Amino acid sequence: MLKRLLATASVATLCLVSNASAADTINMWVRTGIGAAFTGVVDAYNASHENQVALTEVPFAELVQKYATAIAGGQAPDALSLDLIYTPSFAAAGQLEDLTDWAHGLPYFDALAPSHVKLGTYEGKNYGLPLSVETSVFAWNKDLYTAAGLDPEKAPTSWDEIEANAEKIRALGDDTYGFYFSGGGCGGCMIFTFTPLVWAEGKDILSEDAQTATLDTPEMRAAIDKYRSMVAKDLVPESAATDNGTNFLSFTNGKIGQQSLGAFAIGTMINDFPDLHFGIAPIPGITSGSSSFAGGDNIVVTKGTPKLATVKEFIEYMYSPEAQKVFAQNGSLPTRSDIAADVLKGLDPRLQVAVDAIATAKTPYTVLFNDLINSSNGPWATFINAAIYGDDVDAAFADAQAEMQSIIDNAK
């Protein structure tokens, strides 16, 4: 669907609509519920600058399609907060402004979140820069650790340890479980929380050039086996099998001992669940190391906008120490590593774990991300459900590997 929309947009005549009464106002689209961190930055910019930013919220599930349609119809905004995974697709379709020379001239360019910069780059040119940065982390309930006889201050460093801890927590009985994941119906959740187990071992689901599916590896099989084992031992609530992401924050109910989450959850738990005592650590690899998924949004600029200079002014403000502090104070991670320590000063130290993950966090780079991974009917989502909950693991691997490669080959 995304590919077809972009193809339609790429042959349309781009005719951006500007506001004649306020030529210095940037029209920018963001996903609904983008949060107080970014809206706070926009408010601060508008209060201190003659130029202004006008935000239009679009439902997250509709944003990509609506943007592609708007480009085709000459109704596109000047700028957009775009899930970083889609940046290569729009760049490949020629719909975004080339920001390369200006971006590389920023004195802090090398300190910007690397995975976001990578996803914002297409054929050596930069079309997107980090707006909101998200990483995946591992959380454990300290009270349940204590009740189960575990050290509440010790983070597990392998999945054997996580499973052993889960067994002790489950032994507390009733509706207390050792582990949770939104996996059976949420491929997007599992690319975020599950692939770090494999990345930490030096493996991936796609080759470096994204032209070969590399799903079926011993490391991925070991990761699947670990999740299957925890499900089989009743260490995971049955609801995980059908969770489409609605219950992604099940950890907050106080009955889940361990769960991989997004960094955004740290602020949510601190502010909304003050009685929840939790620890945060990197997501361990199956046997050693750790890794993380880099999520969040890039800011992109629609090709041909007459307000490019004003958008650049806003982006530079967004990266200022003042604005980066607004991000952090509202629970969003800073995007500049060179000032992250100062920005986080006085804030909850658990945020630093998520910030440290930015340097090594990964995001699969492919213009086919939606077809391969995000689609609820795509090979990744189907694979996760079949491999963890199905009876034939070999078939799940074979089918997903073949379908992923077929999608890649047919797109050439």
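Descriptive notes on the structure:
- Some residue of region 150-167 being part of a loop (DSSP other than H, G, I, E, B) and among the basic types (Lys, Arg): yes
- In the set (1) among the aromatic types (Phe, Trp, Tyr); (2) open to solvent by less than 40 Å² (accessible area, probe 1.4 Å); (3) closer than 21 Å to residue 411 by Cβ, residue 122 fails one condition alone, (2).
- Qualifying positions in region 174-190 - modelled with pLDDT under 95 and either more than 14 Å from residue 259 (Cα to Cα) or assigned to a strand (DSSP E or B) (or both): 174, 184, 185, 186, 187, 188
- Residues satisfying the stated conditions in region 8-51, i.e. crowded, with 16+ Cβ neighbours inside 10 Å, at pLDDT 50 or above and more than 18 Å from residue 81 (Cα to Cα): 51
- Here 82, 150 are screened, and the one residue that is surrounded by 19 or more Cβ atoms within 10 Å (Cβ to Cβ) and over 23 Å from the mean Cα position of the chain (by Cα) is 150.
- For residue 327, the conditions (1) within 28 Å of residue 208 (Cβ to Cβ); (2) of a type in the set (Phe, Trp, Tyr); (3) open to solvent by less than 20 Å² (accessible area, probe 1.4 Å) all hold with the exception of (1).
- Per-region count, region 382-398, residues more than 25 Å from the chain's Cα centre (by Cα), open to solvent by less than 60 Å² (accessible area, probe 1.4 Å) and under 17 Å from residue 233 (Cα atoms): 1
The values are calculated or read from the model by the stated rules, or taken from the named source; none is laboratory data. Since the structure is predicted, the reported quantities are computational estimates derived from the model, not experimental observations. Glycine also receives a Cβ, built like all others from the backbone with ideal geometry; neighbour counts cover every protein chain displayed. Just so you know, the surface numbers come from the protein's heavy atoms only, side chains and all, with ligands and any DNA or RNA stripped out. Shrake-Rupley method; radii C 1.70, N 1.55, O 1.52, S 1.80 Å.
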